[in-house]
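Right, one structure below, let's go through it.
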Amino acid sequence: MSRKSIIDDPQYGNKAEAFEAFDDIPTNPNLGNTIGDVINRRYGRREVMRGMLGVSATTALFGATALTAPRQAAAAAASRYDFDELQWGNDTTHHIAEGYDARVLLRWGDPITADAPAFDPMNQTAEAQLQQFGYNNDYVGFWTYEDGRSVLCVNHEYTNEEVMFPALGRQDNADFAGMTKELVDIEIAAHGGTVVELAKDGQGAWQVKLDSPLNRRISPLNTDMTFSGPAAGHARLRTGDDAEGMRAAGTINNCAGGMTPWGTYLMAEENFHGYFWTDNVDAEGKVVADSGNPEATSYGRYGVPGRWYAWGKFYDAWNVDKEPNMPNKYGWIVEVDPLDPDAMPVKHTALGRFRHEGAETTVAPDGRLVIYSGDDNRFDYVYKYVSAGIVSDDRAANSALLSDGTLYVARFDEDGTVTWMPLVHGEGPLTAENGFNDQGDVMIDTRLAADLLGATPMDRPEDIQPRGDGTAVVMLTNNTRREVGDENAANPRADNAFGHILEIKEDGGDHAATTGTWDIVVRCGDPEIADVGAMWHPETSESGWFGSPDNCAYDADGRLWISTDQGGNWGKTGKSDGLYSLETEGDLRGHSKLFFRCPVGGELCGPYFGDDGATLFLAVQHPGTDGTKDLVGFARNSTFEDPATRWPDFAEGMPPRPSVVIVTKEGGGKIAG
Ligand code: FEO
Ligand code: CA
């Protein structure tokens, strides 16, 4: 099925669901080779097929056992997470475990400066939106600096026009007939990021400090960016208004991200391909590949142009017929200094170009900076970047660590080892004969370079979270396109509708190591349905198992928390997306408990722990949109006038609003402590 026909398909209730479906189409043409190479016999076919992954003595305790074990109450006495589990379900509001407070801190449209206009959903303007909290909050970072100031950094991934704008409806069709330049400008202004200073009020609760000079919106409309690293100034980054190849208009589709050890904010550009327009479509509105375009091979591997938004109808910059190099300015990791609103954000090309889900950092024992990042597409890869220099107290020098280092892609072998393969021009197949004239080409076409190195195609890598001891967990959210016979040890299920979580242990506990071992922590889905092939600790309750892990965080005690994004498929589990604790150590490894769940149609992003684990920031994205046909009593797609929920305001005429939620324990204390 073509991209266009999926976007047009009425079975998808909104753009987000169509995005999800689009992710079902792999753009990696190398599958026959790489899957064939990597198909392994680590556990033997029979063991894989019956659900046993006996990697270690503890993981062998569950697997087939979990499929038959009766559900039991969570083993609270032994759990490292001290809270009473929330009951699973789905309805129009959020829920949190008893004894905790979940307060809405920032909603789409909330003013972020003292003189910003109040949100008026019937009379939105781009000018107002640029002074208000953006749409579809995803990554949340929180940082307290040496001078005592604290900032919140939030990504705004994309927009859902059908619930944002009055009397518009869904616009993802061939013509985007209802989209005007004014609406497009509001959409663009609602993308990007927000930085706000937070301060505690008299009751000790974090509030937005509206008069802070640090508060700012970042968007393609108001924020110019520059480039660093091997592709900065590259001929393939030059456009009509940028002869130097050194400037980009803002950032788009910022999914997850990270905070560096020196408190700068990394924004990952994920589904950038969807924003590029072409007039080159057939009678049915399907994109026709332009084989004469020198970027055609790159476009094919990245899915450019996606034509998901109408921006290119009004701006040549977003139309690849007019600016064929413009897509090469997106798909990077952006660094923003929250302490310096006047400093131009930097796109660090040494970290590669792909659909970056996130950019979580850690420091190796020798002081080098390490950043993990997944490429969120079915059958795409897991990457990490290791700086050449070491982290110091000099913030400016630290930023340069992001432009001089080595990007590696992962190969997960059948013997349980992971090998990190460097993407370096002139090494191995990364030469001019294969289309790579310099390191800039290797970074612009990271995916094509990784294909040649034989990286392992994964089941949609989302967040990758490192912990200081050389451990990193990889969220592999799902991949229903993996067919029987295409399984490999690290992606052991065909038709993997619910995803799994993989744990890497770098050799010597050193995140800069080029080899390590890996293991699967859980295979997600309902453990009571044998065909699902789920693998949990057998004491995981009916509320505790989940599907489609997406974002994650370690808390102050090194305990893992997982948030989920099932998209329009939440009806397959019946569970709203939520936040789960997940044991990764000892006898309870693989034991999960539900802590928070979203209003219907929303996915959960964040999470981020602050205040030494006493404050938890969560981001409820696109409430009331995904899969609302499965909400009993509603059973239809949401619109602005008729949404499945009006969370969090529940006020007549107010649309659902993506919001950041701040979680604390009643009476104070560490979350789950
Ligand atoms: Fe934007 Fe991969 O989630
Ligand atoms: Ca995500």
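Numbers below:
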quantity: Beta bridge orientation in the chain: antiparallel %, DSSP, nearest 5; calculated: 95
quantity: Furthest towards positive pole of dipole, L221, T180, G263, structure part region 147-305, Cβ charges; calculated: G263
quantity: Shape of region 234-326, Cα gyration tensor, a/c cut at 1.5; calculated: prolate
quantity: Efficiency of FRET between A296 and A432 - r from beta-carbon atoms, R0 22 angstrom, step 0.05; calculated: 0.75
quantity: Note, ³J(HN,Hα) from phi for region 298-304, Karplus 6.51, -1.76, 1.60, rounded to Hz, x at Gly and Pro; calculated: 5, 3, x, 6, 9, x, 8
quantity: Volume of the Cα convex hull of region 333-489, divided per residue and given in Å³; calculated: 132
quantity: Length added when fully stretched, Q203-R103, from 0.36 nm per residue minus Cα-Cα; calculated: 34.6 nm
quantity: Chain lengthening between A167 and D642 when straightened (0.36 nm per residue, less Cα-Cα); calculated: 170.0 nm
quantity: Unit charges on C-beta of K, R, D, E only; dipole of region 375-476, Debye; calculated: 160
quantity: Residue-by-residue Karplus 3J(HN,Hα) for region 333-339, coefficients 6.51, -1.76, 1.60, Hz, glycine and proline x; calculated: 9, 9, 10, 10, 9, x, 7
quantity: Most to least packed among 185-196, 572-583, 230-241 [average Cβ atoms within 10 Å]; calculated: 185-196, 572-583, 230-241
quantity: Estimated inter-spin distance, E542 and A283, nm [label 7 Å along Cα→Cβ]; calculated: 5.5
quantity: Around D316: net Lys/Arg minus Asp/Glu count, Cβ-Cβ under 12 Å; calculated: -2
quantity: Ranked list, fewest to most other Cβ atoms within 10 Å of each Cβ, for R447, R646; calculated: R646, R447
quantity: For M654, residues with placed amide H under 5 Å, excluding near neighbours; calculated: none
quantity: 5 angstrom amide H check on L106, placed H, neighbours 5+ away; calculated: V660
quantity: Reachable lysines from K209, criterion Cα separation under 22 angstrom, eight or more residues apart if same chain; calculated: K200
quantity: Alpha carbon centroid spacing (whole Å) that separates region 138-199 from region 519-575; calculated: 28
quantity: Three-way shape label, the chain, alpha-carbon gyration tensor, a/c 1.5; calculated: rounded
quantity: Within region 409-537: Cβ-based charge dipole about Cα centre, in debye rounded to nearest 20 (Lys, Arg +1; Asp, Glu -1); calculated: 180
quantity: Of V620, L560, T645, farthest towards positive along the dipole that unit charges on Lys, Arg, Asp, Glu beta carbons give region 539-673; calculated: T645
quantity: Amide proton proximity set for N319, modelled H, under 5 Å, gap of 5+; calculated: W277
quantity: Euclidean distance between Cα centres, region 654-673 to region 478-502, Å; calculated: 34
quantity: Distance between modelled label sites at A235 and E528, nm, 7 Å Cα→Cβ extension; calculated: 6.3
quantity: Centroid-to-centroid separation of region 209-253 and region 581-643 [C-alpha atoms, Å]; calculated: 32
quantity: Table column - 3J(HN,Hα) (Hz), region 623-633, Karplus curve with 6.51, -1.76, 1.60, x for Gly and Pro; calculated: x, x, 10, 6, x, 5, 5, 8, 7, 4, x
quantity: Peptide ranges 376-384, 147-155, 326-334 listed from the most packed, as the mean C-beta count within 10 angstrom indicates; calculated: 326-334, 376-384, 147-155
quantity: Size of electric dipole in the chain: Cβ of Lys, Arg +1 and of Asp, Glu -1, about Cα centre, debye, nearest 20; calculated: 760
quantity: Rounded if a/c under 1.5, otherwise prolate or oblate - region 361-438, Cα gyration tensor axes; calculated: oblate
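No lab work stands behind these numbers, since they all come straight from the coordinates. Given the structure is predicted, the values throughout are model-derived calculations rather than measurements. Cβ atoms come from the backbone with ideal geometry, glycine included; neighbour counts cover every protein chain shown.
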